Every structure is written in C-alpha cells, then in structure tokens.
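Visitor: Please read through the structure below; I'll follow up with questions.
The values are calculated or read from the model by the stated rules, or taken from the named source; none is laboratory data. Quantities reported herein were computed from a predicted structural model and do not represent experimental measurements. Note that each Cβ is placed from the backbone with ideal geometry, even for glycine, and that neighbours are counted across all protein chains shown.
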Amino acid sequence: MEFITRNMDLASGDAESKRAEIKRYYNATWELYERLFDTLISDDVFYERPQPLRHPLIFYFGHTAVFFVNKLLLDKQIAERINPRFESLFAIGVDEMSWDDLDEKRYDWPTVDEVRAYRNQVNAAVNGLIDRMEFATPIGWDSPMWPVVMGIEHERIHLETSSVLIRQLDLKLVESSPLFPACPDVGPAPANEWVDVPDGDVDLGKSRGHRLYGWDNEYGAASFAVPAFRAAKYLVSNAEFLEFVEDGGYRADQWWREEGLAWRNYHAAVAPEFWRGGPGAYRLRLMTSEIPLPLNWPAEVCYLEAKAFCEWKSAKSGLAVRMPDEAEYRRLLEVAGLDVEHHESPIAANWNLERFASSVPVDTFAHGEFFDLVGNVWQWNETPIYPFDGFEVHPLYDDFTAPTFDNRHNLIKGGSWISTGNEIALHSRYAFRRHFYQHAGFRHVVSDKPVKTDFDVYETDELVSQYCEFHYGDDCFGVPNFPKAIAEQALRAAKGRAKGKALDIGCSVGRAAFELAGEYDHVDALDFSARFVQVGARMRGAGRLRYERKEEGELVTFHERTLEQLGLSGDYSNINFMQQDATNMKPAFAGYDLVVAANLIDRLSDPARFLREIPNRMNPGGVLLIASPYTWLAEFTKREKWLGGFKRDGEPVTTLDGLHAELDENFAMIGEPIKVPFAIRETANKHQHTLSEVTLWIRK
C-alpha cells in the first residue's frame, strides 16, 4: 500500500486531474485506517475501552464511515441513508462535554463483521460519488467536493486518536505490524539549553481562498507583537522529565495548580501515562510494544503534567518558565524558516508516517538552532483555543470547534509521528482537554509576558445569537416568550399525569427544557445543531450565557442572561443536552411521558418518519406537543415528504390532515389547535413575526 499523506492543493489543476488525486488520497486514507486496526489480536478487542472517557474501539472503527454518510446526506450529495441504525449509533464521539453520552449501557454494539460490511458499502458509495460528482476547481468550502475532503481529513484525525487508544490497551491485546515500526535508536539525552528568539510581529489565520483544506477555526485573522523570549533547544526529554519525577514532582502539591491537583489526586498519578514499571526500572509503552524508558526521546504528558513541570522548573532555575503561547510557537517557526506548507516545501521531521511509528531522539531533526519544532510529538501550548476575528462555523460540521471555545481546551501544535494531511499544515489548530493524552509533549520557554488564558465566550454566530435572544432575551411587541409559552402549554396538558421523563426535541438553545425540568425527573434536550445544544449545556453549567446582538449594520451590543434573571432556580442536573438527528435518534431515547417538538417538523428531511417512530418512544398516556408554522420549503424537506400544504387529486391537504394521518393510530388529539405567536429579532429594526400552530396528543 502506498502511503499518500501529504496535503492536497485544492486550487491547482483541472477537475479531472483533481478528481483522480482526491480518489487516490481517499482510498489511501481508508486503507491505512483499516490497517491500523490490524494491530488488534482479535475482534474481541474492538469492544475494549482503553480509556474510560472514550467509547470502545468498535465505535471509532464505524465512526469514520458514518461521518461520510451523515455529511454527504446533509449536503444532499446522497439521497438515502445506508444503515440508519449505524448512522445513529456511530455518529457522535466523546470530548467529555456535558452533553456527551458516556453511558455505555445505552449501546448495543454490532459485530465487527457487520461493521466491516458497512464500511465496504460506504467505501463503494463514496468512490462512486467521487467518480460522478460534478465540480470545478478551485475547491472551496462551498464546493460539492468539500465534504468528501472533510471526511478524508476527519478519518486522518481518527487515525491518530485511535492509535492513542490502541497504545492504551493492555499490551497482550495488540501485535506488531510492519506498517508501524518503532524507532530502535535509544541512548542518553542531550542537555537542554536556552536559545534566544528575537521579537517580531506574527499574523495568524488564513483566508477562505487558501489552497489547502482547513477546519473552521483556521480561518479569520489575529495579529500579535511578540516580545523577545528564550526557548528550549530540544523538546523536554524523558531524562529531563525524570528529574521532576525523581524530585517528588508528583507528590509535591505546590507544583500543581487547582485543575492539575484535582486530576493528579483523582487518578493517583505518579508518572506519565505511558510509563510502566517504577523508579529505576521505568519502561515506555509504544503502540504495540514496550521498551526500557528511552531517555533521549521526548516526554509524552498531558498539559497538566507539563504545567507542573514548568512550575517546578521555574522554582529550580529562578526563571519564568512556561510553555509557549500560540503566537510564540508561530514565531519559533518563523525564525527557523518553517512557516511554510509541507506539501510545497517538505520538512525533514518525524511526522507524516515518514519515519517511525514512535518518537525518535530529540536531537535527530534540526530546525535551525532548534530541534523538533514540528513532528515527533505534538507540543502543548499555553493558549486555549479561541475564535479568530472573522471566524465562521462550517454548516456541515458545526460541532468541530465551537464546543471547544470554553477556555478548557488547549492548543497542541506541530504534529506527531502519525500526524498527516491537515494535521501538519502550517495553519492547523487542534485542541484537547488539558488532561487528555495524545502523542504529545512540550517545549518550555522563558518569558515574563503574561499569557491570555481566559477568553470571553460570547456567542457571535449570527443565527445562534438570534436564538439566544429568542429564548433568553427581552420580549418584544408584547409577544410572550415562545419557548416558555410552549412549555406552559405542555405542562397544562400533562397536569395530573406521570412526570418521569420528558423530551424536548429540536430544543434549540434550551429555554423550554429549563421550564420543563422543574416538574419532570429527567429532560432530554436534543437538537441537530451542536452549536445550539452547546449554549444550553453552558447555561445549565454556568447559569449564564453571553451573546452578541446585532443592532444595525456592523453595530452590535453585548448581553449576558442568567437563569436567576428568568426566575429559574435549581441545579438542572436532570437536563441532558445532546446532539441528535430527530429522524434517526438512538434507541435509548425512549420511555417519555412528555415529548415537545416545537417548530421542528417543517424543518425535517422526513417528518413522517419522525412521527411514525415517536409512539415507540413514549409511554401510554404520555403527552405529545407539536408546534409548527407549517412553513414547508424544499430546501429542508423534499416536496414529496411534506405532510401538507399541497393539493392531492385537486383537493387541498393541510398539515393538520397529515398529522392526523400519521398519528391517529397511536394518539388521540386533545382540544383544538391553537395559534401561539413568536417574534424573532434580527436587528433593532427588523423582526420576524410568526404564528405557530400547537396541537396536543395523548399516547393511546
């Protein structure tokens, strides 16, 4: 198999040559990902959970294929699902966000052979799509080919993250592969030393017309004047980190800040994750083998361990030691002449699977006066990921970055031995929770410059901000708050009935869920948009949210809303915010005494399917509330899928007719439809005023 790992230039060449290049890149990625799982000794290992905060490996084996289907379906490049069950089960990964589903009891995993067969189906479908798709060059993020490239780069990310999980398995569950050889070079570590870095101006971010694929967080701009600083010549080696360990670094509380101390105590950490054995006899766990601790390889740690080391190093040296921030890291690349794209100017480094499936000695690859400015292991930065000016969410993948703008996900830079494609692009920006493990280490710097680590999290996406105001903002024109009014309608209809579980499907940013949670034991608040459920989860956790409100033209104002201001009190731990497709929900979402579907059905690709499935998710006697303005649009729902709003055999068919046709077998409608008004504020002088028809149904 040929390793094709370098980025593609999406601007050059004609469509047919680019089609062939994308197809080669896609198939090499697909094959390489499957070969990674050949390191497992048997199919039974797919069901192991190497890390308790992650799914078992079977999830990741199916997830990358499902990603292609879900994104291509969303972009209307394909018309039908291949396996709806799999495309729900394998859809959402884990970043330990409050709205992630970590309860493994909810999952009934298929066999490995079933997933292999599914992957084969998807592979054939994607290859066929690449062959017949009409597109033009350059390929930008509005191109029909963009979601294909997105799927390829997504699978390359999971090539790396899955290799970390495999590395965390019990050693007896894996076997070596000639495709993934470990480096044999071990020895004493070089003494680290400081190198002066001159001051300079740094510009971060790239334009939408950039020639390489990019994730949404890479676009936009940020500029910094970087003062002079000093940086370590080498990455921190195992030998250097061992000094910290042997000096009692894991036992001394003073080196650990609050977050790090809590993590260290919870995990009873006494050494890095991949170190085995004990003092005097440490060994290093590689992906499929174990070797005596190579002192001249880079130490691989989480951010919290790296930070504790820097605090210790500061005390020992009398210097202000820390990790670089994002601008300082770019400055290092500039002074070494590495502010280039690898596909245009190949860089000698231990990355891109060009060398080994492990680290190499820290003094192997010189980059100017430094070593390993890129490659070998990722390098933790002090900077939490934040949006550049001009940041926009890509509509096909709205949960790639937006949920990480929380000051708890720190940037990692430079790539590791298995980083490929976009991961090793100059402008790439990846971030992880500070206690997560990757193939990541760090370089320390000396600087008195304060590092910004707390970014105000204001919702700036125009649509999300509108819905923040719609749910939590001021009433306008005397129109009552719509989500609150809908919740009140549902609670009146449910009076005297069981109040165990409620479902707010299409919850948007979550106001109705808070109103329901005071009377129901548990509320699942689900929405297709990760951006929306992120707002609800943040409001639940912090009790407040901030957003930017458009006034006119480029003028905006900033607002903060709290649950207390809205008369909502309690911890609301009974609300589960989570991303889900209403037409393809996981089976675990069932047993409801109340279901609220507000302004949802006329935005679904298949509303009848949703209505056919909802009875199976409800208890007898449960209440179903459906609210909709019945604004049927072909861009959301193909005309043949509309419930009403058309003529059949010359006679008008209303949406209410369609609701009766789908629901009467399992529900009895109570009362007559009522109209509930709502107003959505676009600017200070422009509002949308709409009536939503509410119908209430009792599950027979």
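Visitor: Please pick out the residue among Glu258, Glu290 that is out of contact with any His (no Cβ under 6 Å at 6 or more places or on another chain), of a type in the set (Asp, Glu), within 23 Å of Leu235 (Cα to Cα) and surrounded by fewer than 22 Cβ atoms within 10 Å (Cβ to Cβ).
Guide: On the way: Glu258 fails: within 23 Å of Leu235 (Cα to Cα).
Among Glu258, Glu290, only Glu290 is out of contact with any His (no Cβ under 6 Å at 6 or more places or on another chain), of a type in the set (Asp, Glu), within 23 Å of Leu235 (Cα to Cα) and surrounded by fewer than 22 Cβ atoms within 10 Å (Cβ to Cβ).
Visitor: Restricting to the range 492-527, name every residue that is surrounded by fewer than 21 Cβ atoms within 10 Å (Cβ to Cβ) and either of a type in the set (Lys, Arg) or farther than 20 Å from Asp571 by Cβ (or both). Break it down stepwise before answering.
Guide: Taking the range 492-527 and keeping what is surrounded by fewer than 21 Cβ atoms within 10 Å (Cβ to Cβ), we get 492-493, 495-500, 518-519, 521-522.
Matches in the range 492-527: Arg492, Ala493, Lys495, Gly496, Arg497, Ala498, Lys499.
Visitor: If you don't mind, another one. Give me the helices (runs of 4 or more DSSP H) completely within the range 54-154, filtered to those with at least 3 residues that are small (Gly, Ala, Ser) and modelled with pLDDT of 95 or more, ordered by residue number. Explain how you work it out, then say what you get.
Guide: Numbers: elements: 57-74, 84-89, 112-132.
Answer list for the range 54-154: 112-132.
Visitor: Take the conditions crowded, with 16+ Cβ neighbours inside 10 Å and not assigned by TED's automatic domain parsing to the domain that holds Phe61 and apply them to Val186. Does it pass?
Guide: It is true that Val186 is crowded, with 16+ Cβ neighbours inside 10 Å and not assigned by TED's automatic domain parsing to the domain that holds Phe61.
Visitor: May I ask you to verify whether Lys172 is at pLDDT 95 or above, touching a helix residue (DSSP H, G or I) at 6+ places or on another chain (Cβ under 7 Å) and of a type in the set (Lys, Arg)? Before you say what the answer is, go through the steps one by one.
Guide: Details: at pLDDT 95 or above: yes; touching a helix residue (DSSP H, G or I) at 6+ places or on another chain (Cβ under 7 Å): no; of a type in the set (Lys, Arg): yes.
No.
Visitor: Would you please name the residue that is surrounded by the most Cβ atoms within 10 Å (Cβ to Cβ), looking only at residues in the range 652-700 that are under 23 Å from Ala485 (Cβ atoms) and among the acidic types (Asp, Glu)?
Guide: Filtering the range 652-700 for residues that are under 23 Å from Ala485 (Cβ atoms) and among the acidic types (Asp, Glu), the one surrounded by the most Cβ atoms within 10 Å (Cβ to Cβ) comes out as Glu693.
Visitor: Please work out which residue is farthest from the chain's Cα centre (by Cα), limiting yourself to the range 561-591 and to residues that are among the acidic types (Asp, Glu) and surrounded by fewer than 18 Cβ atoms within 10 Å (Cβ to Cβ).
Guide: Taking the range 561-591 as the starting set, the residues that turn out to be among the acidic types (Asp, Glu) are 564, 571, 581.
Pick out the ones that are also surrounded by fewer than 18 Cβ atoms within 10 Å (Cβ to Cβ) and you get 564, 571.
On the way: Glu564: 30, Asp571: 26 Å.
Per the criteria, the residue is Glu564.
Visitor: Which pairs have Cβ atoms under 9 Å, sit 6 or more apart or on different chains, and link a residue in the range 362-388 that is at positive phi and not assigned by TED's automatic domain parsing to the domain that holds Asn407 to one that is surrounded by fewer than 24 Cβ atoms within 10 Å (Cβ to Cβ) and modelled with pLDDT of 95 or more?
Guide: Note: no pairs meet the criteria.
Visitor: Of the conditions (1) at pLDDT below 95; (2) part of a strand (DSSP E or B), Ala634 fails just one. Which one is it?
Guide: (2)
Residue by residue, here is whether (1) at pLDDT 95 or above; (2) part of a loop (DSSP other than H, G, I, E, B) holds:
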| site | (1), (2) |
| --- | --- |
| Asp363 | yes, yes |
| Gly375 | yes, yes |
| Pro395 | no, yes |
| Asp399 | no, yes |
| Asn407 | no, yes |
| Asn410 | yes, no |
| Ser419 | yes, yes |
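Visitor: Of all residues being crowded, with 21+ Cβ neighbours inside 10 Å and β-branched (Val, Ile, Thr) in the range 139-169, which is farthest from Leu396 (Cα to Cα)? Just the residue, please.
Guide: Only one residue fits best here, namely Ile166.
Visitor: Take the range 264-281 and flag every residue that is buried (at least 18 other Cβ atoms within 10 Å of the Cβ) and either among the aromatic types (Phe, Trp, Tyr) or in contact with a His (Cβ under 8 Å, 6 or more places away or on another chain) (or both).
Guide: Phe274, Trp275, listed by residue number.
Visitor: Go through Phe558, Phe532 for me and flag whichever is more than 30 Å from Gly496 (Cα to Cα), touching a residue at least 24 places away in the same chain (Cβ under 8 Å) and surrounded by 23 or more Cβ atoms within 10 Å (Cβ to Cβ).
Guide: Working: Phe558 fails: surrounded by 23 or more Cβ atoms within 10 Å (Cβ to Cβ).
Going through Phe558, Phe532 in turn, just one is more than 30 Å from Gly496 (Cα to Cα), touching a residue at least 24 places away in the same chain (Cβ under 8 Å) and surrounded by 23 or more Cβ atoms within 10 Å (Cβ to Cβ): Phe532.
Visitor: When you go through (1) within 21 Å of Gly536 (Cα to Cα); (2) at pLDDT 95 or above one by one for Gly621, which number turns out not to apply?
Guide: Looking at each condition in turn, Gly621 falls short on (1).
Visitor: Could you tell me how many of the residues in the range 327-361 are in a loop (DSSP other than H, G, I, E, B), more than 18 Å from Ala440 (Cα to Cα) and among the aliphatic types (A, V, I, L, M)?
Guide: Here the count works out to 5.
Visitor: Can you tell me how many residues within the range 577-619 are part of a loop (DSSP other than H, G, I, E, B) and charged (D, E, K, R)?
Guide: Restricting attention to the range 577-619, the residues satisfying the condition of being part of a loop (DSSP other than H, G, I, E, B) are 580-591, 599-600, 604-606.
Cutting the leftovers down to charged (D, E, K, R) gives us 581, 586, 606.
Result for the range 577-619: 3.
Visitor: Suppose the filter is touching a residue at least 60 places away in the same chain (Cβ under 8 Å) and either outside any loop (DSSP other than H, G, I, E, B) or out of contact with any helix residue (DSSP H, G or I) (no Cβ under 9 Å at 6 or more places or on another chain) (or both); does Ala239 pass it?
Guide: Answer is no for this residue.
Visitor: Moving to a separate point now. Looking only at the range 194-214, decide whether some residue is of a type in the set (Lys, Arg) and touching a Pro at 6+ places or on another chain (Cβ under 9 Å). First the steps, then the outcome.
Guide: Step one: filter the range 194-214 for residues of a type in the set (Lys, Arg), giving 206, 208, 211.
Now drop any that are not touching a Pro at 6+ places or on another chain (Cβ under 9 Å), which leaves 211.
Checking the range 194-214: at least one residue is of a type in the set (Lys, Arg) and touching a Pro at 6+ places or on another chain (Cβ under 9 Å).
Visitor: Taking the conditions exactly as written (in contact with a strand residue (DSSP E or B) (Cβ under 8 Å, 6 or more places away or on another chain), closer than 24 Å to Ala425 by Cα and hydroxyl-bearing (Ser, Thr, Tyr)), does Ser223 satisfy them or not? Don't jump to the end; show me each part of the working.
Guide: Working: in contact with a strand residue (DSSP E or B) (Cβ under 8 Å, 6 or more places away or on another chain): yes; closer than 24 Å to Ala425 by Cα: yes; hydroxyl-bearing (Ser, Thr, Tyr): yes.
Considered against the rule, which asks whether it is in contact with a strand residue (DSSP E or B) (Cβ under 8 Å, 6 or more places away or on another chain), closer than 24 Å to Ala425 by Cα and hydroxyl-bearing (Ser, Thr, Tyr), Ser223 comes out as yes.
Visitor: Tell me which of these Lys484 doesn't satisfy, since it passes every other one: (1) touching a strand residue (DSSP E or B) at 6+ places or on another chain (Cβ under 6 Å); (2) in a helix (DSSP H, G or I).
Guide: (1)
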